[in-house]
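Have a look at the structure below before the remarks.
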Amino acid sequence: MAGSRLRGADGTALVAGATFLLALVVYRATMLPGIGAWDTAEVQTVPPLLGTMHPTGFPAFVVLGWLANFILAPFGEPAFRMTLFGGLLAALAGGLAVFVFRRLGAPLLLAGAAALGFALTPITWHIGVSADVHALHIALLVAITLGLLRWEAAVRDAQAEPADEALAGRADRRIVGTAVLFGVSVANHGLTLLLVPAVTLFVLAVDRGVLRRPRLVLAALGTAVGVAALLYLELPLRAGPFRAPLVYGHPETLQGFIDVVLARQFQGDVSGGDLLSRIIAFGDLAGEQLGPLALLGVPAFVVTAIRHPRYALYSGVAALVTCLFAGLYDNARIDRY
């Protein structure tokens, strides 16, 4: 059992905290000082008013941003508070990544270096220095991944001692807890749904017996759906009976709510495109983000598949589905999605 959980004295928390602080220092030194434009301005303006944003509404970010606006009140005007909130979330993603890498067996310093590198890649850096709902998406994605790895460890412990009901209960609580994070993430950005195939395959690879436990499956699914639905109530409530100063569309009506949540205005932006040019674009993007380290992508994945096949299945499927979506989505640059 001891091998399935990180010891508090091994320095992991210290390195994670240092990674968080270093990333935040860099973000703060290069952070947008005032009001941005387009989506950035919207993210800076709507959450402090607890309004509603453009599709898909991003209610989780709006609600948490509204709370952050009060907590971060000493640090400047509302627009800057939202930018700082994004920087805190992106730095948090870097800190949590240390725990992920440690659970995958990386040495402490290597885990810290990899996590800091992740936090300071151009894409993550760009998200961390300007108000952006993707900052919460990144933080939740890393948290979900960590939750799944903690659940895997708990399942391993429970299988090693099947008579210990406490261990089985701990595993169940961890998967339901991860479902809570997934629900919040769905209510923040629809991109979370791209994780469904990867999460499903990971869960089945770790414990196929879960299929014989419908109550646990329903508890996890119900929790994720319930949390997301509860947060999405922010749209009709703030567009209707408790109307906010800024409301996008008409989510107070059923049709308007569906249009916003399903992002119908953007559905025409999905197309096949030129496959070869998209593949080349992904190669160029990898080189821009990782430099020479991009060449290690394939051998690193092979090593991961050998040492941690379940995680390789999860991360590989997630990356494949995400790249497929990015290659088919014409609305924005692939370096954002």
*Name the single residue, out of those in region 311-321 being open to solvent by less than 50 Å² (accessible area, probe 1.4 Å) and touching a residue at least 12 places away in the same chain (Cβ under 8 Å), that is farthest from L146 (Cα to Cα).*
V321
_region 246-260 - residue that is touching a residue at least 60 places away in the same chain (Cβ under 8 Å) and not in a loop (DSSP other than H, G, I, E, B) and, of those, nearest to the chain's Cα centre (by Cα)_ = V260
*Can you give me the number of residues within region 118-139 that are open to solvent by 20 Å² or more (accessible area, probe 1.4 Å) and within 10 Å of the chain's Cα centre (by Cα)?*
2
*Flag if A106 is free of Cβ contacts under 8 Å to residues at least 24 places away in the same chain and open to solvent by 60 Å² or more (accessible area, probe 1.4 Å)*: no
*Matching entry among L181, L146 (being under 26 Å from L290 (Cα atoms) and within 13 Å of the chain's Cα centre (by Cα))*: L146
*Looking at region 190-210, is at least one residue touching a residue at least 40 places away in the same chain (Cβ under 8 Å), closer than 13 Å to T56 by Cα and among the hydrophobic types (A, V, I, L, M, F, W, C)?*
yes
*asked:* I need the full set of residues from region 28-49 which are open to solvent by 30 Å² or more (accessible area, probe 1.4 Å) and modelled with pLDDT of 90 or more, in order please.
replied: R28, A29, T30, E42, T45, L49
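Conditions tested, residue by residue: (1) open to solvent by 70 Å² or more (accessible area, probe 1.4 Å); (2) at pLDDT 75 or above.
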position: R264; (1), (2): yes, no
position: D269; (1), (2): no, no
position: A281; (1), (2): no, no
position: G291; (1), (2): no, yes
position: G297; (1), (2): no, yes
position: P309; (1), (2): yes, yes
*Here are R238, R243, R215: which of them is more than 20 Å from the chain's Cα centre (by Cα) and part of a loop (DSSP other than H, G, I, E, B)?*
R243
*So Y314 fits all but one of (1) in contact with a strand residue (DSSP E or B) (Cβ under 8 Å, 6 or more places away or on another chain); (2) at pLDDT 85 or above; what number is the exception?*
(1)
*What tally of residues in region 232-246 results from selecting those that are of a type in the set (A, V, I, L, M, F, W, C) and either open to solvent by 40 Å² or more (accessible area, probe 1.4 Å) or farther than 23 Å from D39 by Cβ (or both)?*
4
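The values are calculated or read from the model by the stated rules, or taken from the named source; none is laboratory data. Note that this is a predicted model, so its numbers are computed, not measured. Backbone-built Cβ (ideal geometry, glycine too); neighbour counts: all protein chains shown. Note: accessible area is taken over every heavy atom of the protein model, side chains too, but ligands, DNA and RNA are not part of it. Shrake-Rupley method; radii C 1.70, N 1.55, O 1.52, S 1.80 Å.
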